[in-house]
1. What angle, in degrees between 0 and 90 and rounded to the nearest 10, separates the Cα long axis of helix 86-97 from the longest principal axis of the Cα atoms of the chain?
2. Report in % the part of the accessible area of segment 130-279 that belongs to carbon and sulfur, leaving out ligands and nucleic acids; probe 1.4 Å.
3. What percent antiparallel are the DSSP beta bridges of segment 105-251, to the nearest 5?
4. Let me make sure I get this right: for segment 32-125, a, b and c are the square roots of the gyration tensor eigenvalues over alpha carbons, sorted descending. Under 1.5 in a/c it's rounded, otherwise prolate if a/b > b/c, else oblate. Which is it?
5. So what J values fall out for segment 28-43 if you push phi through Karplus, 6.51 cos²θ - 1.76 cosθ + 1.60 with θ = phi - 60°, rounded to Hz, Gly and Pro as x?
6. Hey, got the dipole for the chain? About the Cα centre, +1 on K and R Cβ, -1 on D and E Cβ, debye to the nearest 20?
7. Helix 225-238 versus the longest principal axis of the chain: what angle, 0 to 90°, nearest 10, using Cα atoms?
8. Would you please give the residues with an amide H less than 5 Å from that of Ile281, counting only those at least 5 places away or on a separate chain, with H modeled from the backbone geometry?
Amino acid sequence: MSNKGKKFETEAIRTQMERSQNLEHSSPIYMTSSFVFEDAEDMRASFAEEKQRNIYSRYSNPNSNELIDRVCQMEGAESGFAYASGMSAVFSTLAALLDTGDHVISSKSIFGSTHTLFTQFFPKWNIESSYFDANDLSQIEGLIKPNTKILYAETPTNPGVDVLDLEVLSKIAKKYDLIFIIDNCFATPYLQQPIKFGADLVIHSGTKLMDGQGRVLAGITVGSGELMDKVYRFSRITGPALSPFNAWVLSRSLETLAVRVDRHCENALKLATYLENHDKIEWVKYPFLKSHPKYEVAKKQMKAGGCVVAFEVKGGLEAGREFFDSIQLLSLSANLGDARSIVTHPASTTHSKLTSEERNAVGISDGMVRVSVGLEHIDDIIADIEQALGKSFC
Ligand SMILES: Cc1ncc(COP(=O)(O)O)c(C=O)c1O
């Protein structure tokens with residue numbers, strides 16, 4: 001029975017590989033590097049791609065296929081490829097589509113490693129990039145050149161939780177015939193489906209909310225069949241494929257994505273509201289707070305605000321440091337989207353490779369704190385932050 005057209009949660013749970021002769025309920029793990037052929041003709045036809053089948057796990061594997069099918073269903077995509085990390089998804093997708101001499105236009109507010117890719121590695125292959133301000137999409141058209149091929153953005157952004165209007169970006173991409181790519185890692189397909197708003201390809205770091213328990217590194221790109229064919233051909237040769245075990249873990253995680261993300265968002269909104277009323281907080285940003293500059297856009301394109309809240313403790317860097325040192329329950333870690341709440345200092349961790357000027361330009365102040373709000377009871381999350389703020393001077 002096809003699951004197409006069923007509700008999100010149902011598709012997430014019921015999109016599954018075919019049962020083996022053992023009639024298992026949960027999908028088995030295919031820990032195999034290669035697959036066997038019936039005979040010489042089967043082998044020839046498989047390599048000639050006259051048959052769609054698994055040949056070698058660098059190309060495809062039943063566990064990554066299951067994961068890809070699930071994410072395609074959730075995102076409304078035609079096909080995809082599963083990667084060993086979010087960054088291998090970002091790199092392989094862009095590298096597969098870009099040629100020497102091409103130009104990329106990207107939002108300035110992007111994950112630190114993606115920024116390093118644009119500024120330090122792509123120039124080696126004569127691929128140039130220009131940045132627009134995530135809060136001023138009117139800059140984009142002025143940056144377009146004859147060699148511009150890709151329009152790239154994240155929304156909400158890491159770590160500043162800026163929100164970019166997907167419809168506006170899509171209109172510009174269509175007008176200038178650009179490939180429109182969205183890193184949807186902060187929202188997950190449960191909260192936001194960029195393809196519905198006109199994106200051609202959607203990238204995820206599966207390491208975050210998709211896994212949700214901080215166990216595996218993973219990435220995935222999904223989108224139009226035509227573009228994914230190019231991405232697939234590059235990826236199967238260059239070897240960034242996800243391991244079958246991690247694909248299996250992630251597929252199981254997707255079965256609980258909706259319930260987990262609902263609770264993450266509920267907790268995050270409560271924490272953001274609490275912080276907004278706290279006299280030791282300079283500012284707080286969360287997409288579903290009315291005070292967020294793009295609250296209306298967030299409401300239009302997202303189901304809820306996500307798990308990340310950004311804020312600054314009054315008193316700048318020193319007060320921020322004291323706050324971090326006083327935290328007792330929450331984890332000091334660089335990851336996000338885990339069941340355990342995490343506090344991060346982006347300026348000294350995830351975005352430390354950017355210069356201070358570059359960080360300021362994308363709204364990452366030295367004292368900025370990023371909280372990935374987890375699934376502990378919200379009273380305990382707030383109590384830990386409350387006691388840490390109590391100790392911080394200012
Ligand atoms: C928005 C975004 N994209 C991509 C990545 C890279 O993912 P990974 O760490 O799985 O390589 C991250 C990691 O934090 C991220 O936040």
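The values are calculated or read from the model by the stated rules, or taken from the named source; none is laboratory data. Treat the numbers as computed from the prediction; the structure is a model and nothing was measured. Reconstructed Cβ throughout: ideal geometry from the backbone, glycine too, with neighbour counts over all protein chains shown. The protein model used for the area step is the full one, side chains on, heavy atoms only, and it has no ligands, DNA or RNA in it. Shrake-Rupley method; radii C 1.70, N 1.55, O 1.52, S 1.80 Å.
1. Taking the Cα atoms of the chain, the angle to 86-97 is about 60 degrees.
2. Within segment 130-279, the accessible surface is 53 percent carbon and sulfur.
3. Values: 5 of 18 bridges.
In segment 105-251, DSSP labels about 30 percent of beta bridges as antiparallel.
4. Numbers: a/c = 2.72, a/b = 1.96, b/c = 1.39.
Prolate shape, in that a/c is at least 1.5 and a/b is the bigger ratio.
5. Those phi angles translate into x, 9, 9, 7, 9, 7, 9, 10, 9, 10, 5, 6, 4, 5, 4, 5 Hz.
6. On the way: 41 positive and 50 negative charges, 50 e Å.
In total the dipole reaches around 240 debye.
7. The two axes meet at around 90 degrees.
8. Lys314
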